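My structure is below; once you've seen it, I'll send some questions.
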Amino acid sequence: MNPTRATNYKLRKRRSPWSIRRPVLFFVIPVCVIFVLLYVIALSGVANPRLSGGNRAVTINGNRYERVVIRNDSPTNVTIDAARYGMDTSGKWQKLFEYLSTDCASPNLVPYKPRTLKEGESLVVVWLYNGARYTSDRVEVRARTRSGLTRVTTLPRGPDFLQGCTG
């Protein structure tokens, strides 16, 4: 054995296992904590609005409309911006009207202005029914959370929450 190498071997201090692992742990632990926090935020509804609803075609004053009931099921406030058929490939969002009446016989329709739904609140919007239905019964809703994130959520065909109103 080379004398210099033997001397260096004897002079070298033995490192503790903790001193080797410390830099790795200082990187791995914060990265794991950040991913867990992002996952919890994504599931909480803050970043991903959870909406439910139902839709059906209705006749109001001789005109055919698509009526959609949208309910906010997320624990945060959600602003509903727009809605359209789920299979509409034109890229156009429908001109919405808010259905303000509880009387099914003579509903009051006003132009819809985006508004915020609190947890558990629902909203009824309608748009002009433009002939043949698309192959999907789904409705897409564009919604914003308080963080400013805009998401397009697809509502499956569900129950119509307006009791007693038939199409």
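In contact with a strand residue (DSSP E or B) (Cβ under 8 Å, 6 or more places away or on another chain), modelled with pLDDT under 75 and surrounded by fewer than 16 Cβ atoms within 10 Å (Cβ to Cβ): is that true of Ala57 in this structure?
So Ala57 passes the test.
Picking from Arg50, Arg5, which residue would you name as being of a type in the set (D, E, K, R), at pLDDT below 75 and within 30 Å of Tyr129 (Cβ to Cβ)?
After applying the criteria, what remains is Arg50.
Any idea which of Gly167, Gly91, Gly148 is at pLDDT below 75, touching a strand residue (DSSP E or B) at 6+ places or on another chain (Cβ under 7 Å) and of a type in the set (Gly, Ala, Ser)?
Going through Gly167, Gly91, Gly148 in turn, just one is at pLDDT below 75, touching a strand residue (DSSP E or B) at 6+ places or on another chain (Cβ under 7 Å) and of a type in the set (Gly, Ala, Ser): Gly167.
The values are calculated or read from the model by the stated rules, or taken from the named source; none is laboratory data. Note that the structure is a prediction, hence the values are computed from the model and not measured. No Cβ is skipped: glycine too gets one built from the backbone with ideal geometry, and neighbour counts run over all protein chains shown.
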